[in-house]
Amino acid sequence: MEANYKISGKLLLFPINGHGKCNNTLYECETVYNMRCEKYTKKNQKHIRMTDIVIKLKPQGIVFDFVNLIDGNEQLSNEVLKTLNENSMQVYADLGPSFNEAIAKIEKEIINRVFSRVPEDELFLP
């Protein structure tokens, strides 16, 4: 997961106040999707719209890579990052729900863009 981030607070025992780019990699990740959809008519064609999505990522391992985690202190940022990665599954237990929500929001938007452009009868061919 690549993104720009902004964080302020405590992570483990460290006060965190940073921003920048991050790349978090989940390994051997089982993903469970629960989706609800509804049908609607647009220009006399039936379409599908996703109304709700819940995603649960269950990684077996994770590697965090945050640039500038402690704003202006590269050495301390690297040490905190090392500690995060040594305790990555514990950290993910705290951050996982936020990751799941963000991914669900993005996927819902993308899927609904496709669904709004392609009628139901063209989505699922016989």
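The values are calculated or read from the model by the stated rules, or taken from the named source; none is laboratory data. A quick note: this is a predicted structure, and the numbers were derived from the prediction, not measured. Neighbour counts run over all protein chains shown; Cβ positions are idealised from the backbone, glycine included. With ligands, DNA and RNA removed, areas are computed over all heavy atoms of the protein, side chains included. Shrake-Rupley method; radii C 1.70, N 1.55, O 1.52, S 1.80 Å.
Numbers for the structure displayed
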| item | result |
| --- | --- |
| Nearest-0.05 FRET efficiency for TYR27 and ASN73, computed from C-beta distance (R0 22 Å) | 0.15 |
| Residue order for ILE7, ILE106 - accessible surface, 1.4 angstrom probe, largest first | ILE106, ILE7 |
| Inter-probe distance in nm under a simple model that places probes 7 Å from Cα toward Cβ, at ARG117 and VAL54 | 3.1 |
| Correct option for P(r) over Cα pairs in 10 Å bins from 0, in percent [calculated from the coordinates] among (1) 11, 31, 33, 21, 4, 0; (2) 11, 29, 19, 15, 12, 9, 4, 1, 0; (3) 12, 34, 24, 17, 11, 4, 0 | (3) |
| Cα-projected label distance for ALA3 with LEU95, points at 7 Å along beta-carbon direction, nm | 0.9 |
| Whole-number percent relative contact order across the chain, with pairs defined as alpha carbons under 8 Å at least 6 apart | 25 |
| In Å², nearest 10: area of CYS29 left accessible to a 1.4 Å probe | 50 |
| Mean accessible surface per residue for the chain, computed with a 1.4 Å probe while every protein chain stays in place, in Å² | 71 |
| Nearest-ten-degree value, helix 74-86 long axis tilted from longest Cα axis of the chain | 60 |
| Hits among lysines - C-alpha to C-alpha of LYS39 under 17 Å, sequence gap 8 or more where chains match | LYS108 |
| Residue-level accessible surface for ASP52, protein heavy atoms, 1.4 Å, Å² | 70 |
| C-alpha long axis of helix 88-117 to longest principal axis of the chain, angle in ° | 30 |
